[in-house]
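Encoded as structure tokens, the structure appears first; notes follow it.
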Amino acid sequence: MKISRSLLLFAIFLGIFAPLGCTPQPDSPAAVPPQAGKTYADLIVGYAQLGAESEWRVANTISIKETAEQLGVELRFLDAQQKQENQIEAIRKFIVQRVDVIGLSPIVETGWEEVFLEARAAGIPIILVDRRAAVPEDLYVTYLGSDFLEEGRNAARVMADLVDGKARIVELVGTVGSAPANDRYAGFREILREHPGMVIVDSASGDFTRARGREVMAAFLKKHGSAITAVYAHNDDMALGAIQAIEEYGLRPGVDIKIVSVDAARGAFEAMIAGKLNATVECNPLLGQQFFELALKVVNGESVPKWVPSIETIFFPENAEEILPTRTY
Ligand code: AHR
């Protein structure tokens, strides 16, 4: 049964806000000595970015850099070029440099405990931005970012509505071992359990990039042909790569094969306007302002919630043209 878009968005709205009301949000640990009175101009922040793999990531980096400049924060920014070892090395450099706060978007969830312990021993707080790390909660002060599990659930809800509960789906998974790939994978499946007519026929990683999205989709089409009726892409870049592969195969993306992705980047709006993408679940990369506000609070010994969730929605082709001019990424 089809449900109306507004009802769907209302349910999603509840999904976003209900956890805020009932999830305990413990204060940050007392590991950080209060240095009351610091201003943005006093702050030295080290930021270990994971790379530049997508439109989303580029926007995220711009947001961090531009906000630092506007606020007058001294930012030491390192791009790890998709390698965890480079992020770990960056954190160690920031510890030697004795920055006030370290910001980190962990490329994968595991393997962080040792270097986080080193930062804690040096008294330097870590703020996780965009992605979580699987470490005990007392090793970082706060996580600023999206509810990736809910994004996966929302993608499945939207897909179920689009295909009327019946589909043969291929899935383009993000970077293996990353929090968004793990959670978008799990959240999508959680909702699919309610829709036995929707079957995932294949699933493989496209590493969050357009080029890999295209390659993996071409391989899916070679293997399953027109038996594929839907694509779930963990980000817009991979969906855009898949659109190309579907056209090269001679089918119509968005029509013969329905496509739902995550991010809500400008490229996705253009694809929706062209009728080639059916929906995009928003994941907000513009985290600069909130990140530096948290950093300042933390160095001043103020308490911060353990998770600061991003507020996000879902976009559809119907109003893509009207919304596109307002999108900044
Ligand atoms: O961690 C956020 C994800 O990383 C975005 O969805 C994706 O586009 C990016 O590469």
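The values are calculated or read from the model by the stated rules, or taken from the named source; none is laboratory data. As the structure is a computational prediction, the values presented were derived from the model and not from experiment. With ideal geometry, Cβ positions are generated from the backbone for all residues, glycine too; neighbour counts draw on all protein chains shown. Side chains included, ligands, DNA and RNA excluded: accessible areas come from the protein's heavy atoms. Shrake-Rupley method; radii C 1.70, N 1.55, O 1.52, S 1.80 Å.
Of note:
- Percent carbon-and-sulfur accessible area, segment 156-243, ignoring ligands, DNA and RNA, probe 1.4 Å: 53
- When the Gaussian network model of the chain links Cα atoms closer than 10 Å, the mean-square fluctuations of 300, 182, 235 top out at 300.
- Using a probe of 1.4 angstrom and keeping all protein chains present, the accessible surface of the chain works out to 42 square angstrom per residue.
- Under 5 Å between amide hydrogens, built in the peptide plane, is the criterion, and for residue 142 it picks out 128 among residues at least 5 positions away or on other chains.
- Between residue 324 and residue 118, the C-beta separation translates, for a Förster distance of 35 Å, into a calculated FRET efficiency of about 0.20.
- Only protein heavy atoms count here; on that basis, with a 1.4 Å probe, residue 83 has an accessible area of about 100 Å².
- Degrees separating the helix 55-71 axis from the principal Cα axis of the chain, which is the longest one: 30
- Helix 84-97 axis versus longest C-alpha principal axis of the chain: approximately 20°, rounded to the nearest ten.
- Debye-formula intensities of segment 110-212, expressed as log10 I(q)/I(0) at q = 0.10, 0.11 Å⁻¹, are -0.38, -0.45 (one equal scatterer per alpha-carbon, no solvent).
- Low-density loop cleavage sites - trypsin sites (Lys or Arg not before Pro) in segment 104-190, where at most 16 other Cβ are within 10 Å (DSSP): 166
- The mean sequence distance of close C-alpha pairs (under 8 Å, at least 6 residues apart), as a share of the length of segment 148-282, puts its relative contact order at 26 percent.
- With the simple model of a label 7 Å out from the Cα in the direction of the Cβ, residue 252 to residue 222 spans 2.7 nm.
- For segment 148-282: rounded, prolate or oblate by the Cα gyration tensor [a/c cutoff 1.5]: rounded
- Across q = 0.08, 0.09, 0.10 Å⁻¹, the chain modelled as identical point scatterers on its alpha-carbon atoms has Debye log10 I(q)/I(0) values of -0.38, -0.48, -0.58, in the order of the q list.
- Gaussian network model of the chain, Cα within-10 Å springs - most flexible of 165, 250, 241: 250
- Taking a sphere under 12 Å around the Cβ of residue 220 and counting the other residues whose Cβ falls inside, with K and R at +1 and D and E at -1, yields a net charge of +1.
- The chain, relative contact order [Cα under 8 Å, separation at least 6], %: 21
- Around the amide H of residue 314, modelled in the peptide plane, lie the amide H atoms of 282, all under 5 Å away and 5 or more residues distant in sequence or on another chain.
- Largest GNM mean-square fluctuation among 59, 233, 121, using the chain with Cα springs under 10 Å: 121.
- Helical content alone sets the calculated 222 nm signal of the chain at -13500 deg cm²/dmol, taking -39,500 (n - 2.57) per DSSP H segment of four or more residues and averaging over every residue.
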